[in-house]
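Novice: This structure is in structure tokens; I'll ask about it shortly.
Please treat every number below as a calculation from the coordinates, not as lab data. All values reported here derive from a predicted model rather than from experimental measurement. Backbone-built Cβ (ideal geometry, glycine too); neighbour counts: all protein chains shown.
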Amino acid sequence: MKNKKEIRRAIISVFDKSGVVEFVRSLSELGIEILSTGGTGRLLKENGIDFVKISDYTGSPEMFDGRVKTLHPKIEGGILYRRGIKKDSEDAVKYDIPPIDMVVCNLYQFKEAVAKPNITLVDALEMIDIGGPTMIRAAAKSFPDVVVIPNSKHYSTIIGELKKLGGVSDKTRAKLAQEVFVIMADYNAAIASYLQNYYNPEVKLGNKLIKIYDKLQDCRYGENWDQKAAYYRDATSMYGLHNLKKLSGKEISFNNYLDIDSCMQMLLDFSKEDYLTAILKHTSPNGIAIDKTEQLESVKKAFNTDPMSAFGGIWGVNKELTANVADFIVNKEKIFVEVLLAPSFEQEALEILKQKENMRIIEYGDFLDKREEIYINPEIRGVLGGVLVQEYDCKPIIKEWNVVSKKQVTEVEKEALIFAYKVSKWVKSNSACFVQIYNNGINTIGIGAGQQSRVHVVKLAAQKAKEFGHQEELKNSYMGTDSFFPFPDGLEAAVDVGAKAIINPGGSIRDEMVIKRADELDCALVFCGKRVFRH
């Protein structure tokens, strides 16, 4: 070990007191003098460990109900003065400031406090630590001379090095100092986020974006085998994918997370009133259905949209998954599900599903009830050298309901068009979605995704519908598309295969031409005033 430095004096002031008694006892046995504050000091005294009270050491009492106790030149000076600088050493002697060689301090748990329901602003402000951050920052700055220990997980390592090496290695000192500044960045970001959400919760795209992310999992690889990847959660976000619970199956991969994210956002967009099934592949839906009375029927309708693409997909439902659905998934030929999402599972359903050992079974609980909390933070997408930030697209799907054609739509047809447009929202642009109305619900029959041409995506959706046996359903179908219609060609392609009504955002300079063509073709046309591009 380089530059071994003797540790003669340590200050102990911890909020989380787990393991601190055993740790400090070991320090004392090694001849290290202990300084301690009120709460920690009382615990040490109860366990028969000698220490010097901070107030006795500084000659200054704790003030303002403990708010001021370590903010003193004898504490900060003892941490900050540079041992190898003659002037600093002379000042230390002149002002009677002995060296403090170790700072053991973890902070008030601000994030945990503000996560509690109904916490008041006064209580939140009391959980903002001042003395602790000051000490650990000072110690981290002075890490060649001072060992800083910001977390109890390091206690055994420090005692081990002290006993083996007679001091703490330079590598460990530097690692702990780096951790302190990460902790402080996280701590400050949490406070800034809380105050913004308290006073002004809407998204603000200010000059600085401050975010801290905690690693939850290393992925086996990234989007492709030769890419490294990991999943990090937003440290200030109470609700997100980190709330999901894996009940069975392989580890969740990078691509799984992307698909799960898309599926959960789709489920959030639909009502919980009816049985909804969403089947996705590569973050785009390939089969969606709602049924008013039966979950299994919605599952079958979603699957039958495009059974080929459903293979290896992500399946999500919005109500407790039943045993008959589990039996359909496990025992029907040519079904392979990568991830299955539900708020809960019948016990019998779980027993059936676990026959598929590799299938990831994920329970998401009350996630769909947390829409406001989930979407309080902005969406962040990485680009080369930076990020793009925007509000999530979580506003109502219809900005204005404007039937621009002579032909009108019934309430049932309106429901089908809104359903088609919601599905189109989650399909990569350009998108087109044909749906049918049946006795108990609505389901997709053809979905086109990711085409550069607004016409080709309509033709692709129709072609897929025909390929999987939905030729007859197309003849009385309803289509939603995220595309503008600058010319009638997209509308004509939909009507050619049987669309009775079409919904799109509207807003082209040639809207009147398209409306006129819709009337000539006896097709209902609705402009909803909301664009739903998805790139």
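Novice: Would you calculate, for the chain, the mean residue ellipticity at 222 nm contributed by helices, counting each DSSP H stretch of 4 or more residues as -39,500 (n - 2.57) and dividing by all residues, to the nearest 500?
Specialist: After summing the helix terms and dividing by the residues of the chain, the value is -11000 deg cm²/dmol.
Novice: Sticking with this structure for a sec: Taking Rh as the Kirkwood radius, which is the inverse of the mean 1/r over Cα pairs, what is the Rg/Rh value for the stretch 240-383? Walk me through the numbers before you get to the answer.
Specialist: Details: Rg = 14.2 Å, Rh = 15.1 Å.
Taking Rg over the Kirkwood Rh, I get 0.94.
Novice: Of 395/530; 475/530; 332/422, which ones are farther than 21 Å apart at the Cα? The partial results should precede the final answer.
Specialist: Working: 395/530 9 Å; 475/530 27 Å; 332/422 29 Å.
Going by Cα-Cα distance, 475/530; 332/422 fall outside the 21 Å limit.
Novice: Percent relative contact order of the stretch 9-199, based on C-alpha pairs within less than 8 angstrom and at least six residues apart? Walk me through the numbers before you get to the answer.
Specialist: Working: 251 pairs, mean separation 41.0, N = 191.
The normalised contact order for the stretch 9-199 reaches 21 percent.
Novice: Counting other C-beta atoms within 10 Å, which of 514, 337 has the fewest, and how do the rest follow?
Specialist: Ordered from fewest to most neighbouring Cβ atoms within 10 Å, 514, 337 come out as 337, 514.
Novice: Could you pull out the pairs from 319/464; 74/94; 414/459 whose alpha carbons sit more than 19 Å apart here?
Specialist: Details: 319/464 29 Å; 74/94 12 Å; 414/459 23 Å.
With Cα atoms farther than 19 Å apart: 319/464; 414/459.
Novice: Let me ask another. In the structure displayed, which of 211/281; 45/153; 407/516 lie more than 18 Å apart, Cα to Cα?
Specialist: Values: 211/281 30 Å; 45/153 23 Å; 407/516 11 Å.
Beyond 18 Å between Cα atoms: 211/281; 45/153.
Novice: Take the alpha carbon atoms of the stretch 336-402, find their radius of gyration, then divide it by 2.2 N^0.38 Å using N residues; give the quotient.
Specialist: Details: Rg = 18.1 Å, N = 67, 2.2 N^0.38 = 10.9 Å.
It is 1.66.
Novice: Mind listing P(r) for the stretch 181-278? All alpha-carbon pairs, 5 Å bins, whole percents.
Specialist: 2, 10, 15, 18, 16, 17, 13, 7, 2, 0
Novice: Using the alpha-carbon atoms, what tilt in degrees (0 to 90, nearest 10) does helix 155-165 show relative to the longest principal axis of the chain?
Specialist: Helix 155-165 and the main axis of the chain meet at about 50 degrees.
Novice: I'm checking a number: the convex hull volume of the Cα atoms of the stretch 447-520, normalised per residue, in Å³. What is it? Don't skip to the answer; put the middle values down first.
Specialist: Working: hull volume 5.4 nm³, N = 74.
So the per-residue Cα hull volume is 74 Å³.
Novice: Quick check on the exposure proxy: order 254, 23, 527 from fewest to most C-beta atoms within 10 angstrom. All intermediate terms of the calculation are to be shown ahead of the outcome.
Specialist: Numbers: 254 18, 23 21, 527 24.
By the 10 Å Cβ count, ascending: 254, 23, 527.
Novice: Right, here's the next one. In straight Cα distance, which lysines are under 22 Å from residue 208, not counting same-chain residues fewer than 8 positions off?
Specialist: Cα-Cα hits under 22 Å: 111.
Novice: Grab every C-alpha pair in the stretch 9-199, bin the distances at 10 angstrom width from 0 up to the longest one, and report whole percents.
Specialist: Pairs per bin, as whole percents: 9, 34, 37, 17, 4, 0.
Novice: Could you point to the label whose value was computed as Rg/Rh (Cα atoms, Kirkwood Rh) for the structure here, given [x] 1.13; [y] 0.99; [z] 1.17?
Specialist: It is the one labelled [x].
Novice: In which sequence would 154, 470 go, from the one with the fewest C-beta neighbours within 10 Å to the one with the most?
Specialist: On the way: 154 18, 470 22.
With the sparsest Cβ surroundings first, the list reads 154, 470.
Novice: May I ask you to give the average projected area over all directions of the convex hull of the Cα atoms of the stretch 318-438, in nm² rounded to one decimal?
Specialist: Numbers: hull surface 48.2 nm².
Orientation-averaged projected area of the Cα hull: 12.1 nm².
Novice: When only Cα pairs under 8 Å and 6 or more residues apart are kept, what is the percent relative contact order across the chain?
Specialist: Working: 1031 pairs, mean separation 49.0, N = 535.
Rounded, it is 9 percent for the chain.
Novice: Looking at the stretch 402-527, what % of the alpha carbon pairs are farther apart than 17 Å? The partial results should precede the final answer.
Specialist: On the way: 3827 of 7875 pairs.
Summing the P(r) tail past 17 Å for the stretch 402-527 gives 49 percent.
Novice: For the stretch 402-527, what relative contact order do you get, as a whole percent, if you take Cα pairs closer than 8 Å and at least 6 residues apart?
Specialist: Values: 279 pairs, mean separation 37.2, N = 126.
Across the stretch 402-527, relative contact order equals 30 percent.
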